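Contents: one structure, followed by commentary.
The values are calculated or read from the model by the stated rules, or taken from the named source; none is laboratory data. The structure presented is a predicted model; accordingly, all values stated were derived computationally and were not measured. All Cβ positions, even for glycine, are placed from backbone atoms using ideal geometry, and neighbour counts span all protein chains on display. Side chains are part of the model used for accessible areas, which takes the heavy atoms of the whole protein and leaves out ligands, DNA and RNA. Shrake-Rupley method; radii C 1.70, N 1.55, O 1.52, S 1.80 Å.
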Amino acid sequence: MSFLLIIRIAFALLMARWKQTLVAAIGIAFSITMFITLLGFMGGLNDMLDGLLLNRTPHIRLYNEIKAPETQPVNLLPGYQQHYNFVRSIKPKNERLQIYNIAAVEKALKEDNRVIGFAPKITAQVFYNVGATDLNGLINGIDVAGENKLFLFSDYVVAGNSSDLNTIPNSIILGKGVAEKTFTNIGDIIQVTTSKGESRQLKVVGFFQSGIQEIDKVQSYASLKTTQNLMVETGSYITDLQVKLNDLTQAPAMAKEYEKLFSVDAVDIQTANSQFETGSKVRTLISYAVGITLLIVAGFGIYNILNMMIYEKMDSIAILKATGFSGKDVNRIFLCIALTIGITGGITGLIMGLGLSSVIDQIPFNTPSLPTIKTYPVNYNPYFYIIGGIFALITTYFAGYFPSRKASKMDPVTIIRGK
Amino acid sequence: MSNATVILEARKISKYFHDPLTVQVLNEVSFSVNAGEFIAVIGKSGCGKSTLLYVLSTMDTDYEGNVFLKGENLKGKKDTELAKIRNNSIGFVFQFHYLLNEFTVIKNVMLPGLKKGEFSEKEVEHRAYEKLRILGIQDEALKMPNQLSGGQKQRVAIARALINNPLIIMGDEPTGNLDKKNSDIVFNIFSDLCKDFNQTLLIVTHDMEFAHKTQRIIEMEDGKIISG
Ligand SMILES: Nc1ncnc2c1ncn2[C@@H]1O[C@H](COP(=O)(O)OP(=O)(O)OP(=O)(O)O)[C@@H](O)[C@H]1O
Ligand SMILES: [Mg+2]
C-alpha cells in the first residue's frame, strides 16, 4: 500500500515535468544504445579477427622438433658427472621430423574426451619452379575431411573445390599469392622440387586465401598421400597432429601432458599466439570505457533533473513531511523517479541497441582478405545486454541517490518558515 | 478542568537559535490542552508563536523540555515514529495552503489517509468527500488546486488536516492570507468542528476578533506565556 502510494506520488511528480524527464530518459537510452552497438560491433570485429587466426590454428600442435640432445656423452663420464661441462657447437643428430608411433597417439587422442578432434598434417619445404626461377614454398599435406571439419578449410578455398584434392591424384590447391607469383590458373600443371631434390608435377585444382598475405604467398595444400609421395615416404609419415579441444583454456596444461605422454613436442595456441589475445582485450576494454563514459554523462542528466525537481517541489516535500511522510518515504519517492527514468531509458536503449546492431549487421562489407565475411560483423552476446542494463540501473541509482538523500534530509520547518 | 482529558501538554519548553547569535526564543513554556478545547495563541510578531507550534507538532525536535501527546513523551523519538504520529494524530494548517499541484483536490485530501493505510482507497475517498462536504467544497473535488480561490484552497488544506481524524488541529495563522469574508468562513468551520465533532484546535493568529471568538486565549511575549 505504502509502496504503491510512493510510486503514485513519484509518477505524478514525474508527469508534471515530463519533458525534462523524457530528455533524461533519452540520454540514458542513447548511451545504452551506443554502449550495446559499440560492444556488439567491437565484439563482432574481435570474433572475426580471432576467427581469422583461431579457425586456422590448432589448439595444440604435436610435432617433433629437431634439436640437440640435452645430455652429451661427457656428462656420462664418471669423472665429469659432478662438473659443469661446456660443449660448444653441438649439432643435432640425423633425426626425422616424423611423429613416431603415430597409430598409438591417434588412438589415445580418439579416446580423450577433452578432444573434439584432430587432423594429421605433413609440412614439406619445397620450391615452386617457374621457368628458370625457384620460389620458396611450403606444401601442407592434409586430411581434407578432417581439415574441413576442424579448421573450415573449404571456407578459405576461393576457387575450385577442396574435395578435388582427394579425387584427383597429384593435385594441389595453391595459395592465392603463390598462384599470382607463378602465373598459374586452375587446370595448369605446376612443378615443385622438394628440399631433397625430388621433382613432381602437380595439377592445380583450386586457390585458397587465408586473409593473411604472408601465408598466401608461400603455402599450398595437397592431400596426405600426394605429399607423402612427394617426400618419398610411407603412409605412416606424419609430421604434425593438430588437436582441437572442447575447452581452449585447457590447452597449455594439456600440451604439457601430451609432451610427456607421447614424448613429442607440443605447443598450445596461447603460447603460439600470445599477442592476439592482448589485442582483443584492449579493444574490448576501450569499448567498455567509451560505453561507461556515455552512461555516466547520461547519469549527470538524471542528477540535474532530480536536483531541479527537488528545488521546485520543496513545498510539496515540506507538506508531505508535515502530513506524515517520513524522510525515508521522501527518499524513496525521488529514487523511484530516478529508477523510472533509468529503467524506461535503459529498456528503450537495449531495444534500440539491438535494432542498430542488426542494421549494422546488414551493411555490406567486402574485403578480399576475408572471403567468408559479407556484412559488417556484429556480436549479439547477451552478456553485453545484461551489463548494459545493470550499468543503466547502477548509474541512475547513484544519480538519484544524492538528490534523494538531500530531499529526505530537508527540514520542513525551514521550508515553511521561508515562505 | 482537572477531570477533562489532557490531549497535549508542554512542559518547560525552551528553544534556542544559535545563528548568528545564540538567542532564547522560548523560555520554559508550560501549558496543556484539553480535549475539545478551541484555543487561540496570540502575541506580538517575533515572540515565538510559530516556533512553539513547530515544536508541539513534532516537526522541530531541537528543544529542551518535554512534549506529551495523550500522555506519550515525544522526546527522542525517531524520524519515522514522529512522521507516524503527525500522520495519525496531528492535523496542520499553515498560512499557505501547500496543496500539491500535481493532484486533484480530492487526491490532495486523500494523501495522508492513504499514507496511514488504515482504510482501503475507496473508504479513504469516501471519507475525503465527507470532509469536503463538511467544509462546503465537495463540488470542487475533481478540480486541480490552481483552479480554486484562495479561500477554497485553505478549506481544502483544512479538509486534508482532518482526513485522519487527528487528536488536535494546529494552525499557524490559517486565516493570515484571507480576506474578512473568507476568514469568517474558516473561523466558523473551526468552531463548528469544535462544537459538532468535539475537535481540539490550537490556532496561532494575529486577528484579535478571531481570537476573542474562541474559548481560550494564550498570550505570549518574548518566548513566555503571559496569560491563558
Ligand atoms: N532559523 C532561525 N534562526 C535564528 N532566529 C530565528 C530563526 N527562526 C526564527 N527566529 C527568531 O525566533 C523568533 C521567533 O520567531 P517566530 O517565527 O516563532 O515568531 P512568531 O511569533 O511566529 O512571529 P510572527 O507573528 O511574525 O509569525 C524571532 O525573533 C525570529 O527572529
Ligand atoms: Mg509566525
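Give the residue, chosen from B:SER149, B:SER89, that is of a type in the set (Gly, Ala, Ser), over 20 Å from the mean Cα position of the chain (by Cα) and away from ligand 1 (no atom under 16 Å from the Cβ). Before the answer, list the steps.
Details: B:SER89 fails: over 20 Å from the mean Cα position of the chain (by Cα).
Of B:SER149, B:SER89, the one residue that is of a type in the set (Gly, Ala, Ser), over 20 Å from the mean Cα position of the chain (by Cα) and away from ligand 1 (no atom under 16 Å from the Cβ) is B:SER149.
If you scan the stretch B:166-200, which residues turn out to be away from chain A (no Cβ under 14 Å) and touching a Phe, Trp or Tyr at 6+ places or on another chain (Cβ under 7 Å)?
B:THR175, B:SER183, B:PHE187, B:PHE190, B:SER191, B:CYS194
I need a count of the residues in the stretch B:146-165 that are away from chain A (no Cβ under 12 Å), part of a loop (DSSP other than H, G, I, E, B) and either touching a residue at least 60 places away in the same chain (Cβ under 8 Å) or open to solvent by less than 50 Å² (accessible area, probe 1.4 Å) (or both).
Result for the stretch B:146-165: 1.
Kindly establish whether B:PRO112 is more than 9 Å from every other protein chain (Cβ to nearest Cβ) and either open to solvent by less than 60 Å² (accessible area, probe 1.4 Å) or not in a helix (DSSP H, G or I) (or both). Let's see the steps before the verdict.
On the way: more than 9 Å from every other protein chain (Cβ to nearest Cβ): no; either open to solvent by less than 60 Å² (accessible area, probe 1.4 Å) or not in a helix (DSSP H, G or I) (or both): yes.
Taking the combined requirement at face value, the residue does not satisfy it.
Of everything in the stretch B:49-75 that's part of a helix (DSSP H, G or I) and farther than 14 Å from B:VAL33 by Cα, which residue is nearest to ligand 2 (Cβ to nearest atom)?
So in the stretch B:49-75, the residues part of a helix (DSSP H, G or I) come out as B:49-56.
If we keep only those that are farther than 14 Å from B:VAL33 by Cα too, we end up with B:49-51, B:54-55.
Values: B:LYS49: 5, B:SER50: 3, B:THR51: 8, B:TYR54: 9, B:VAL55: 13 Å.
This residue is B:SER50.
Conditions tested, residue by residue: (1) in contact with a His (Cβ under 9 Å, 6 or more places away or on another chain); (2) within 16 Å of ligand 2 (Cβ to nearest atom).
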{"residue": "B:PHE94", "(1), (2)": "no, yes"}
{"residue": "B:LYS115", "(1), (2)": "no, no"}
{"residue": "B:PHE119", "(1), (2)": "yes, no"}
{"residue": "B:LYS122", "(1), (2)": "no, no"}
{"residue": "B:HIS126", "(1), (2)": "no, no"}
{"residue": "B:GLU140", "(1), (2)": "no, no"}
{"residue": "B:ASN146", "(1), (2)": "no, no"}
{"residue": "B:ALA159", "(1), (2)": "no, no"}
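Can you name the residue in the stretch B:124-145 that is part of a helix (DSSP H, G or I) and within 12 Å of chain A (Cβ to nearest Cβ) and, of all such residues, is surrounded by the most Cβ atoms within 10 Å (Cβ to Cβ)? Before you say what the answer is, go through the steps one by one.
Narrowing the stretch B:124-145 to residues part of a helix (DSSP H, G or I): B:124-134, B:138-140, B:145.
Next cut, within 12 Å of chain A (Cβ to nearest Cβ) only: B:124, B:145.
Details: B:VAL124: 23, B:PRO145: 21.
The residue in question is B:VAL124.
All but one of (1) away from chain A (no Cβ under 12 Å); (2) under 16 Å from the mean Cα position of the chain (by Cα); (3) among the acidic types (Asp, Glu) hold for B:GLU72, so report the exception by its number.
Exception for B:GLU72: condition (2).
At least 2 residues that are among the hydroxyl-bearing types (Ser, Thr, Tyr) in each: list the strands (runs of 3 or more DSSP E) lying fully within the stretch A:84-197 that qualify. Explain how you work it out, then say what you get.
Numbers: elements: A:115-130, A:133-142, A:157-160, A:171-175, A:189-194.
Once the strands (runs of 3 or more DSSP E) in the stretch A:84-197 are filtered for at least 2 residues that are among the hydroxyl-bearing types (Ser, Thr, Tyr), what remains is A:115-130, A:189-194.
Among the candidates B:GLY171, B:GLY176, single out the residue that is of a type outside the set (Ser, Thr, Tyr), within 16 Å of ligand 1 (Cβ to nearest atom) and either in contact with a strand residue (DSSP E or B) (Cβ under 7 Å, 6 or more places away or on another chain) or open to solvent by 50 Å² or more (accessible area, probe 1.4 Å) (or both). Explain how you work it out, then say what you get.
On the way: B:GLY176 fails: either in contact with a strand residue (DSSP E or B) (Cβ under 7 Å, 6 or more places away or on another chain) or open to solvent by 50 Å² or more (accessible area, probe 1.4 Å) (or both).
The unique qualifying residue is B:GLY171.
Could you please let me know if B:ILE203 is more than 14 Å from chain A (Cβ to nearest Cβ), at negative phi and within 16 Å of ligand 2 (Cβ to nearest atom)?
On the way: more than 14 Å from chain A (Cβ to nearest Cβ): yes; at negative phi: yes; within 16 Å of ligand 2 (Cβ to nearest atom): yes.
Criteria met by B:ILE203.
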